[in-house]
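A.B. asks: Quick one: the structure is below, and I'll ask about it shortly.
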Amino acid sequence: MASHHPQSTGPMHGTDPRPQTFTRSGAFRGTVRVPGDKSISHRALMLSALAVGESRITGLLEGEDVLATAAAMRAMGAQIERSGKGEWTVHGVGVGGLLQPATALDMGNSGTSTRLLMGLVAAHAISATFIGDASLSKRPMGRVIDPLSLTGAEFTASPGGRLPLMVRGLCPAVPISYRLPVASAQVKSAILLAGLNTPGITEVIEPVPTRDHSERMLAGFGADLSVEIDADGVRHIRLVGEAELEPQQIEVPGDPSSAAFPIVAALITPGSEVTVTHVGMNPTRTGIYKMLEAMGADLTYSNERVVGGEPVADITARHSALTGIDVPPDVAPSMIDEFPVFFVAASMAQGRTTTSGLDELRVKESDRLALMATGLAAIGAKVEEREDGLIIDGSGGEPLEGGATIASALDHRIAMSFAVAGQHCYHGVTVDDVSPIATSFPTFEVMLAGLARA
Ligand code: S3P
């Protein structure tokens, strides 16, 4: 299917592949701040666009995925302006006030934009067509089509429940109570966003907790939302619909998923000491740091505070002798996006690291289990790919061989993970196309080079 629509709304990264070789550059030293949290940035734009009045956002991630959300909210009537680096002003249309977009909504590479906006459109009397790049057009949308169909919305999707697809919303929609069959914050959020403009109570039942930014931010905007944990430890999230959202000032913390890249680079590279400031420490996101610590990583946290309803800290990482561990499958949702770079750390640790319960990694921006297994093997790591995880026997701190070219397959985190791996390989690592990095971390290469020079 076409990934570039002549009348589309959204930004896309260039079509020319940009290869880059990453080689050993000595110790990493210094202090950096990573861009704003991607999940929170999407939600800040969406909820501000649904409040009545002016919201201000600082620290917004200005990556392609978030810009796709901004373009789509503009196409549906919100006024969204950039007033400085990471500083944005949004005049919302009010819950229920979204307008029919004139052209297809181009979601680029962004699954979060697509799934959350499908929820918003579903409960408005509008229809919208969603298109995206080759990676996004392979990803399953049935997981949001199923619950949103129960609210009365209608979907016409490409075969396999994929993009391009059209949503015809219904207003008033029907409130639902839905038990999540997959641990997915995107599915949870799509249902809650549909519930905003739906009369009555919308309930999401979440047996396995996932990132709770939507719940925190909806409450922050004044929505009537409650979370009850039942006797079995299952979360029941209930939202009273036809909400009125109050405009907010939102400070977006740094993305813990982005911070993981310089932190792992420091842990595997002798002599390194790196501090990443202002990192989001929401416990639904920090599994990577807990698991690295379990491997022996020297991480210290300072300046712990709360910013915009989210815990934040500065993290200092020093080069460490890492030891392999068994990652319990229940940790997976709190480090779901960090497994690619975690596998890099494991491939350089002492001993065996095992992971399981990671089926979801096969339907991210790429099949991350397959790409990490073949890519790490190509640079000399000992990896076994299982259906739902990888088993990795580490090098014991020795550099890997390197020398291979890795296909990033339109996946920013694959590209960044191998950029980090290249720092501790005898012959470096070439990534065939680093342009996908712009979806979440446009300053990544400059930041890494700066830490290497310091
Ligand atoms: C996200 C949820 C996760 C994550 C993605 C962002 C979100 O996806 O992988 O990068 O912002 O809600 P799933 O909900 O599919 O697990």
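A.B. asks: Using the Cβ atoms and a cut-off under 13 Å, what net charge is assigned to the surroundings of R18, where Lys and Arg are +1 and Asp and Glu are -1?
C.D. replies: Working: positive: none; negative: D16, D432, D433, E445.
Spelling it out: positives minus negatives among the neighbours equals -4.
A.B. asks: Have a look at segment 283-374 and give its Rg and Dmax from the Cα atoms, expressed in angstrom.
C.D. replies: Reported Rg and Dmax, both Å: 14.1, 41.
A.B. asks: Here is a follow-up. What does the charge dipole of the chain about its Cα centre add up to, to the nearest 20 debye, if the Cβ of each Lys and Arg holds +1 and the Cβ of each Asp and Glu holds -1? Intermediate values should be presented prior to the final figure.
C.D. replies: Values: 34 positive and 50 negative charges, 105 e Å.
Around 500 debye, computed over the chain.
A.B. asks: Have a look at V66, H91, L163 and report the one farthest towards the positive end of the charge dipole of segment 38-251, computed about the Cα centre with Cβ charges (Lys/Arg +1, Asp/Glu -1).
C.D. replies: Of the listed residues, the answer is L163.
A.B. asks: Using all alpha carbons of segment 38-251, what is the percent of pairwise distances in each 10 Å bin, ordered from the shortest bin to the longest?
C.D. replies: 9, 38, 39, 13, 1
A.B. asks: Counting helices only, and only those DSSP H runs with n ≥ 4, report the 222 nm mean residue ellipticity of the chain as the sum of -39,500 (n - 2.57) divided by its residues, in deg cm²/dmol to the nearest 500.
C.D. replies: That comes out to -8500 deg cm²/dmol.
A.B. asks: Rounded to whole Hz and in sequence order, give me ³J(HN,Hα) for segment 169-179 from the Karplus expression 6.51 cos²θ - 1.76 cosθ + 1.60, θ = phi - 60°, writing x for Gly and Pro.
C.D. replies: x, 10, 9, x, 7, 9, x, 10, 10, 9, 8
A.B. asks: Heavy-atom accessible area per residue, segment 376-420, 1.4 Å probe: how many Å²?
C.D. replies: 35
A.B. asks: Per residue of segment 291-308, what does 6.51 cos²θ - 1.76 cosθ + 1.60 with θ = phi - 60° give for ³J(HN,Hα)? Whole Hz please, x for Gly and Pro, Karplus curve as stated.
C.D. replies: 5, 5, 5, 4, 7, x, 5, 8, 10, 10, 10, 9, 6, 6, 7, 10, 10, x
A.B. asks: Here is a further query. Within straight cross-link reach of K290, meaning Cα distance under 29 Å, which lysines are found once same-chain residues fewer than 8 apart are removed?
C.D. replies: Once the sequence-local lysines are set aside, what remains near K290 is K38, K188, K364, K382.
A.B. asks: Residue by residue through segment 323-340, what is 3J(HN,Hα) from phi via Karplus (6.51 cos²θ - 1.76 cosθ + 1.60, θ = phi - 60°)? Round to whole Hz and write x for glycine and proline.
C.D. replies: Taking θ as phi minus 60°, the curve returns 10, x, 9, 9, 8, x, x, 6, 7, 3, x, 8, 9, 4, 8, 9, 4, x Hz for segment 323-340.
A.B. asks: Starting from the amide H of T31, placed 1.01 Å from N in the peptide plane, find each other amide H under 5 Å away whose residue is 5 or more places distant or on another chain.
C.D. replies: Amide H neighbours of T31: T275.
A.B. asks: Which is farthest toward the positive dipole end of the chain among L390, M107, V187, measuring Cα position about the Cα centre, with Cβ charges +1 (Lys, Arg) and -1 (Asp, Glu)?
C.D. replies: Ranked along the dipole, the leading option is M107.
A.B. asks: Give me, ordered by chain and number, the residues 5 or more places off S177 or on other chains with an amide H under 5 Å from its own placed amide H.
C.D. replies: Distant-sequence amide H within range of S177: E203.
A.B. asks: Heavy-atom accessible area per residue, segment 152-247, 1.4 Å probe: how many Å²?
C.D. replies: Normalised by residue count, the accessible surface of segment 152-247 is 41 Å².
A.B. asks: What is the sum of charges, Lys and Arg at +1 and Asp and Glu at -1, for the other residues whose Cβ falls under 9 Å from the Cβ of V95?
C.D. replies: Surrounding charge for V95 is -2.
A.B. asks: Of all the accessible heavy-atom surface of the chain, with the other protein chains kept in place and a 1.4 Å probe, what percent is carbon and sulfur?
C.D. replies: The nonpolar share, carbon plus sulfur, comes to 51 percent.
A.B. asks: Continuing with this model, one more query. Using the Cβ atoms and a cut-off under 13 Å, what net charge is assigned to the surroundings of A377, where Lys and Arg are +1 and Asp and Glu are -1? Don't jump to the answer; show the numbers that get you there.
C.D. replies: Values: positive: K382; negative: E384, E385, D393, E401.
Net local charge, A377 excluded: -3.
A.B. asks: In addition: Using packing as a proxy for protection, rank 33-42, 383-392, 15-24 so that the peptide with the highest average count of other Cβ atoms within 10 Å comes first.
C.D. replies: Descending packing order for the listed peptides: 33-42, 383-392, 15-24.
A.B. asks: Separate question: Scan around V93 for amide H atoms under 5 Å from its own, H built in the peptide plane at 1.01 Å from N, and keep only partners 5 or more places away or cross-chain.
C.D. replies: L50, A51
A.B. asks: May I ask you to order 441-450, 269-278 by the average number of other C-beta atoms within 10 Å around their residues, highest value first?
C.D. replies: Answer by packing, highest mean first, reads 269-278, 441-450.
The values are calculated or read from the model by the stated rules, or taken from the named source; none is laboratory data. Please read these numbers as outputs of a predicted model, since none were measured by experiment. Ideal geometry is used to build each Cβ from the backbone, glycine not excepted, and the neighbour counts take in all protein chains shown. Side chains are part of the model used for accessible areas, which takes the heavy atoms of the whole protein and leaves out ligands, DNA and RNA. Shrake-Rupley method; radii C 1.70, N 1.55, O 1.52, S 1.80 Å.
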